[in-house]
1. C336 versus (1) over 25 Å from the mean Cα position of the chain (by Cα); (2) within 21 Å of M421 (Cβ to Cβ): which is the lone unmet condition?
2. Does segment 89-97 contain at least one residue that is aromatic (F, W, Y) and open to solvent by 30 Å² or more (accessible area, probe 1.4 Å)?
3. Does at least one position in segment 36-48 carry a residue that is hydroxyl-bearing (S, T, Y), assigned by TED's automatic domain parsing to the domain that holds Y154 and surrounded by 15 or more Cβ atoms within 10 Å (Cβ to Cβ)?
4. Tell me yes or no: at least one residue of segment 188-203 is away from the ligand (no atom under 13 Å from the Cβ) and either crowded, with 23+ Cβ neighbours inside 10 Å or touching a residue at least 40 places away in the same chain (Cβ under 8 Å) (or both).
5. Just to be sure, is R334 farther than 19 Å from G195 by Cα, basic (K, R) and more than 16 Å from the ligand (Cβ to nearest atom)?
6. From G265, G222, G261, grab the single residue that is among the small types (G, A, S) and modelled with pLDDT of 80 or more.
7. In this structure, does D374 turn out to be closer than 29 Å to E266 by Cα, within 16 Å of the ligand (Cβ to nearest atom) and either at pLDDT below 95 or open to solvent by 10 Å² or more (accessible area, probe 1.4 Å) (or both)?
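The values are calculated or read from the model by the stated rules, or taken from the named source; none is laboratory data. None of these values were measured; they are calculated from a predicted model. Positions of Cβ are backbone-derived with ideal geometry, glycine not excepted, and every protein chain shown enters the neighbour counts. What goes into the accessible areas is simple: the full protein's heavy atoms, side chains included, and nothing from ligands, DNA or RNA. Shrake-Rupley method; radii C 1.70, N 1.55, O 1.52, S 1.80 Å.
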Amino acid sequence: MDDGYYDDTADALNTAPTPPAFFLAPLNSAARKAVDHARNLHLRCTVNDTIGLWLSFADPNKQVCTLGREDTDIHLSDTRSSSKGSPHISALHASFQVVEETGAVLLWNLSKGGTVEPIPHSSSFTVKFRSNAQSVLVAQGINSRIAFGENQWYQFEIQWQSDGMYQFPKHEPYTMGPRNSRNKKYVLGGDVGAGSYGTVSWVLDAINGQIIAVKRFHKLSGKNLEFATREVANLFRINKDDSIKHEHILQILDYAGGTRGDDWGEIFMPLMKGNLKTLVEKVTVPDEHALSDTVLRQMLLALECIASHNIIHRDVKPENILWEYDNTTENSYRFCLGDFGLSNDPTLACTAAGTEPFMAPEVFHRKRQTSKVDIWSLFATIVWTRTPEFRRACSQMRAPDLHVWLVDFSRMELYANMRRMASMDPAKRPSATRQLALLDAPPQAPFEDYANSVVGSYGSNTNSASGDEAGVLGGDLAARFSRGMTLRDNTPGLTYGSGSSEAVTSPELPYYEPYASGLMQTYFGAQAAGPSKGYMPPSPDPADAPRDHGAWVMPYESAYGPPDSQNSGSGTAVPDTWTAVAPTVDVEEEAPRRKHKGKNRA
Ligand SMILES: Nc1ncnc2c1ncn2[C@@H]1O[C@H](COP(=O)(O)OP(=O)(O)OP(=O)(O)O)[C@@H](O)[C@H]1O
């Protein structure tokens, strides 16, 4: 049966997973003595003329193997050697344990003195224990040599028959990342999505053996640095402690790079199944209205939270709403707001920023921005989710026309309980908290207060966007970013770009990226970064669960665009390497671009 998704791990997933099994070959005389110990006879075997210990995790009820001096599966004596002292083996010193979801095997340090360690060796990656974690991955080519006890008393080599790692193809060596760091943190799986400013991959965390997502920012300088900075700082602000973490905002789990002198940076997040765009375009959702109602409520909760932290997102749109199955409720989804690269403090935000079809009128017309801009964008997202015609129009109509259309939509009975979200005047638009209350209130009387002059108040008199936002962001970027970083306890300060030779500047005028795929080649050529790609990661979900049709979604507009815009490359044109520089746009280019639907990241 076609299960509805394709990716390069599919073969691995379609065969029954082989449970982990390995041979522990002794590397020194203490380890050889341990192998010969009477209490280890049950595990002893010979492989290639070497006598060692054989461990298999084929029994689903026995997915752990303990090591220590007392009642453990592998006995390690704590005898004193007259010449070298004692190994100081704890009663329960270490264990190997299989991670159920991924099949990965973790080595756990359970010793009091922390004397369980990988031994660096040229033929394998070494991932050391972190100070805040007691486990580390062992796999083919990763931490192949390990030691237990003081001064690496017992030394073994792990020779794998199978290392679990169910999602990973077995015919090629693993790639570890971050690529630019000697301190490897994950095993690279595959690509999940890509945007203008980063590439997102699914990876296996080398500390806990779980699958997560990593966003690798393209080269951290100039605008890229600025957007990465905003995203990381604001995500840390929201995630600074467990009490504030929000179930509808994408978490940030960790980061790498970004320290003094680095021009690369990565953030680690939970892996979601896909984004709302791919869900709507590629999956047969039984009831789009029910789906959009769920999106509406959950995103209002997310917006309520970020507003309370004085953050406006400024790029609420289907691509930036990620989803996964909600395990607590049957047939339902959990949506999370992601991509905080444009987010800002409303007191600093005045540059036109966002993606044109979802951009609030006051942003498009360079007026003052408040958290109400996100309310408008959410309304546009809901209409987009419900209405194929609007989806088509997004690539064909200018923002002012779309604004008129959205107001018209809001007059329909269908939108009665959310029509004020489409008020042209932001002051009349409800806050997220108010709108949540309105959803549960009786239907409103026909609207009267916002549709009279649909574009009048924004059609002229545009402000210059150069102003204070650019100045404050550019001038105080490092400080703002470090403030964001300090919110995470026990984390060494991450100071993106503080050592960079390139000055961080905000553009004085907004610039646009093309929205429709066909425009990509025209303006950026083959180097261009494309709209986000959707992806279905390996999924343990039931076969009847809805899934994306393909591993990669088509470019945003290809389903609707003119024939010559299809397959224009926007869906695959994201540069492979992190060093690729996202296209920058200068002032002269701004005018032609604004003729098209595009994204403005100033
Ligand atoms: N945690 C995640 N889990 C699964 N997929 C993700 C995750 N984060 C991002 N993606 C996918 O990657 C795409 C690009 O991510 P993101 O929007 O953060 O990058 P970006 O460079 O800022 O993109 P954009 O050009 O839209 O601003 C998303 O649309 C989504 O499909």
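1. (1)
2. No; the residues of segment 89-97 include none that is aromatic (F, W, Y) and open to solvent by 30 Å² or more (accessible area, probe 1.4 Å).
3. Taking every residue of segment 36-48 in turn, none turns out to be hydroxyl-bearing (S, T, Y), assigned by TED's automatic domain parsing to the domain that holds Y154 and surrounded by 15 or more Cβ atoms within 10 Å (Cβ to Cβ).
4. Among the residues of segment 188-203, not one is away from the ligand (no atom under 13 Å from the Cβ) and either crowded, with 23+ Cβ neighbours inside 10 Å or touching a residue at least 40 places away in the same chain (Cβ under 8 Å) (or both), which makes the answer no.
5. Judged against the criteria, R334 is not a match.
6. After applying the criteria, what remains is G265.
7. No: the conditions fail for D374.
Let's see how each residue does on (1) under 43 Å from the mean Cα position of the chain (by Cα); (2) touching a residue at least 40 places away in the same chain (Cβ under 8 Å); (3) part of a loop (DSSP other than H, G, I, E, B):
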| site | (1), (2), (3) |
| --- | --- |
| A30 | no, yes, no |
| K33 | no, yes, no |
| N40 | no, no, no |
| T46 | no, no, no |
| G52 | yes, yes, no |
| L55 | yes, yes, no |
| N61 | yes, no, yes |
| C65 | yes, no, no |
| T79 | no, no, yes |
